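Report on the structure given below.
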Amino acid sequence: MLESLRTTNMTASAKGTIEEPGKQVRQKSGLNRAILDKGWHRLELALRNAARKPGTRIVLVDPAYTSQTCYRCKVVDANSRKSQAEFVCTSCGHTDHADVNAAKNILHAAGHAVPACGDLGVTRSVKQEPAPPRGQAHQPALSLVGIPRI
């Protein structure tokens, strides 16, 4: 799952016109450069290419309000986003890292209820597989959705 970001709209110039010059043009050009340097389109192409072989789908999700929506109660409130990193729902009191909360909303919007490796790394590494029961060898589960595990 990826956010359907419109980098062309995100990197519009802030120069303005002669009659109405733009504000904070230098900062905006620095932000535009940082956005374009990330290579999000190339990442999407690489993921789509890697997903072709096992037949996995890449789903683009509308990013609108994903960072302002509470994952638990689904209430949208801009005041719930306390800072760049902190999310505290004004309705139900749910707290989470703001990016983790947004990622859960994106995951839910794509129609997948449970990530492959637990709760998005809240308690352990996202890359870590669950430990097998004692005395049993780990058998990789077949996954029809997502990046295949080897």
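The values are calculated or read from the model by the stated rules, or taken from the named source; none is laboratory data. Predicted model only: the values in this text are computed from it and were never measured. Every residue, glycine among them, receives a Cβ derived from its backbone with ideal geometry; neighbour counts consider all protein chains shown. All accessible areas refer to the heavy atoms of the entire protein, side chains included, with ligands and DNA or RNA removed. Shrake-Rupley method; radii C 1.70, N 1.55, O 1.52, S 1.80 Å.
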Q | Net lengthening on full extension, residue 20/residue 110 (0.36 nm per residue, minus Cα-Cα) | A | 28.2 nm
Q.
What whole-number volume per residue, in cubic angstrom, does the convex hull of the C-alpha atoms of the range 1-105 give?
A. 133 Å³
Q. If you take the beta carbon distance between residue 50 and residue 84 as r and set R0 to 25 Å, what does 1/(1 + (r/R0)^6) give as a FRET efficiency, to the nearest 0.05?
A. 0.25
Q. Taking amide hydrogens as modeled 1.01 Å from N in the peptide plane, which residues meet the under 5 Å criterion relative to residue 86, leaving out close sequence neighbours?
A. 98
Q: Determine the sum of side-chain charges near residue 82: Lys and Arg each +1, Asp and Glu each -1, restricted to other residues whose C-beta is under 15 angstrom from that of residue 82.
A: -3
Q) Tell me, what HN-Hα J-couplings in whole Hz come from the Karplus equation 6.51 cos²θ - 1.76 cosθ + 1.60 at θ = phi - 60° for each residue of the range 43-55, using x for Gly and Pro? A) 4, 4, 4, 5, 5, 5, 5, 5, 7, 5, 4, x, x
(Q) Explain nothing, just compute: Karplus ³J(HN,Hα) = 6.51 cos²θ - 1.76 cosθ + 1.60, θ = phi - 60°, for every residue of the range 63-73 in order, whole Hz, x for Gly and Pro. (A) x, 4, 6, 5, 8, 10, 9, 6, 5, 6, 9
**Q.** 1.4 Å probe accessible area per residue over the range 7-83, in Å²
**A.** 80 Å²
